[in-house]
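See below for the structure under consideration.
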Amino acid sequence: MNYLGIDVSKATSRYVFLDDAGERFTKSFTLDNDHQGFNKLLEKLKELTLSPDNILIGIEATGIWWENLYGMLTEHKFKVIVLNPHQTNKFREALRIKAKTDDIDAYVIAGLLRSQEYSSSFIPEESIQALREITKLRFELVKDRQNYERQTNALLGLLFPEIHQTALKNPFTISSMAILRAYPTAKHLAEAKPKNIEKIVRSIQGNNFNINEIQSLIETAQKSIYSGRAKQDRGLNLNILLTQVETFQNAIAQLDERTNDILSPTNSSDANSFPGANLLTIPGVGPKTLAAILSAVGSNGQTFADGKHLIGHIGFFPKIYESGETKRENEISNRGPKYLRWAIYMAAVACLKHNPELKTLYDRKVSQGKTGKQALVYVAKKLAHLCLSMLKSGEDYNPSRVFMPA
């Protein structure tokens with residue numbers, strides 16, 4: 001067997017060939033990541049009489065740049081192993097190679113394949129890949145939206161300190177944002193006519209403002225302690241912040257709609273026919289949590305052999321630091337995909353309200369001296385174990401089979 005290690009970057013890829021004895025049998029080379037470069041690679045493989053039967057190809061999953069090359073090679077029936085960068089770094093350390101170049105990286109990948117000590121990364125099917133992309137982007141958009149919401153609330157605390165006493169106490173509803181765009185400060189609202197505000201809200205479907213609330217809003221604004229300083233420019237800032245919040249809200253709604261489309265059954269009369277539908281029988285788990293879990297573990301949980309490996313992937317384990325007399329407080333590791341850790345953690349929060357069994361687990365841990373956050377992490381770990389087990393078995397949630405009565 002022969003081995004080809006490929007180090008991929010955005011524009012080019014470096015190729016290193018090793019034979020069964022670990023020797024290079026041809027000069028390494030670099031090709032552009034384009035149609036011409038891919039064709040040259042196929043020609044080189046043919047020139048070396050290498051076929052899917054006598055070569056194993058390794059590629060590191062760095063960013064997104066490996067996907068097109070991986071797709072081309074697999075289309076030509078070559079076996080391609082996608083390696084986690086953590087694996088290749090550990091193998092480099094074992095070889096005591098300190099230098100880092102594209103050629104060395106490709107050599108390390110080929111050597112790892114030859115050692116047979118590698119573990120292939122999970123390459124999801126199309127629908128699962130789509131869920132992964134959507135879930136990761138949604139996580140980032142939610143963070144950005146929350147950041148703009150914090151800035152908006154801080155600015156409103158100056159421009160209209162009494163806003164929480166009015167019908168605009170939630171400034172991020174459609175009606176509230178429409179009113180605040182037209183009248184961004186207490187000074188602007190104090191001069192507003194009730195019929196003008198009523199006209200704004202009446203144009204919004206589903207609004208629940210009435211004339212008494214509008215009148216109360218104006219009266220509260222007239223009594224506001226806001227000084228009116230720089231009201232025009234601060235009002236402009238508020239308008240821009242609200243526009244950003246709305247943009248993120250609309251983008252997140254589009255992603256949620258697409259998620260529901262992917263998770264909805266097609267060409268089937270069975271409403272529970274889509275992958276992982278049984279996870280929705282867990283009280284506290286909804287489509288967003290399901291999408292995050294499927295994106296990480298696959299449609300039937302095939303990515304992880306057991307819950308222990310999944311927990312390690314998520315990062316739900318403590319970082320322990322002890323050196324001499326120094327001992328730091330254990331903290332949860334930040335290793336693993338943040339979007340997945342966040343999704344399961346938030347599902348655990350929801351379970352405290354909707355899932356009696358997991359709420360019992362939480363209360364038990366708190367009674368044992370754990371902090372609220374530590375107990376919540378226990379719930380999140382239990383939930384992750386449960387989801388993986390149910391994906392593998394295909395069975396619905398059955399608390400009597402999971403939790404022993406106290």
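The values are calculated or read from the model by the stated rules, or taken from the named source; none is laboratory data. Please read all numbers here as calculations on a predicted model, not as lab measurements. No Cβ is skipped: glycine too gets one built from the backbone with ideal geometry, and neighbour counts run over all protein chains shown. What goes into the accessible areas is simple: the full protein's heavy atoms, side chains included, and nothing from ligands, DNA or RNA. Shrake-Rupley method; radii C 1.70, N 1.55, O 1.52, S 1.80 Å.
Among all residue pairs at least 6 apart or on different chains, which show Cβ distances below 6 Å where the first residue, located in the stretch 103-123, is under 15 Å from residue 92 (Cα atoms) and the second is at pLDDT 90 or above and in a helix (DSSP H, G or I)?
Every condition considered, the pairs that remain are 118/112.
Condition check ((1) within 29 Å of the chain's Cα centre (by Cα); (2) over 30 Å from residue 171 (Cβ atoms); (3) modelled with pLDDT under 95) across all residues:
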position	(1), (2), (3)
60	yes, yes, yes
78	no, yes, no
97	no, yes, yes
115	no, yes, yes
135	yes, no, no
139	yes, no, no
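If you go through the stretch 70-85 one residue at a time, how many are free of Cβ contacts under 8 Å to residues at least 12 places away in the same chain and either within 16 Å of residue 6 (Cα to Cα) or among the hydrophobic types (A, V, I, L, M, F, W, C) (or both)?
Summing the residues that are free of Cβ contacts under 8 Å to residues at least 12 places away in the same chain and either within 16 Å of residue 6 (Cα to Cα) or among the hydrophobic types (A, V, I, L, M, F, W, C) (or both) in the stretch 70-85 gives 2.
Determine, yes or no, whether residue 348 is part of a helix (DSSP H, G or I) and either modelled with pLDDT of 95 or more or closer than 24 Å to residue 133 by Cα (or both).
Against the criterion (part of a helix (DSSP H, G or I) and either modelled with pLDDT of 95 or more or closer than 24 Å to residue 133 by Cα (or both)), residue 348 qualifies.
Inside the stretch 144-166, can you point out the residues that are open to solvent by 30 Å² or more (accessible area, probe 1.4 Å), in contact with a Leu (Cβ under 6 Å, 6 or more places away or on another chain) and either modelled with pLDDT under 95 or not in a helix (DSSP H, G or I) (or both)?
Correct list: empty.
Got a sec? Which of 112, 141, 131 is surrounded by 14 or more Cβ atoms within 10 Å (Cβ to Cβ) and touching a Leu at 6+ places or on another chain (Cβ under 6 Å)?
None of the other options fit; the residue is 131.
From the list 197, 240, 225, exactly one residue is crowded, with 16+ Cβ neighbours inside 10 Å and either in a helix (DSSP H, G or I) or of a type outside the set (D, E, K, R) (or both). Which is it?
197
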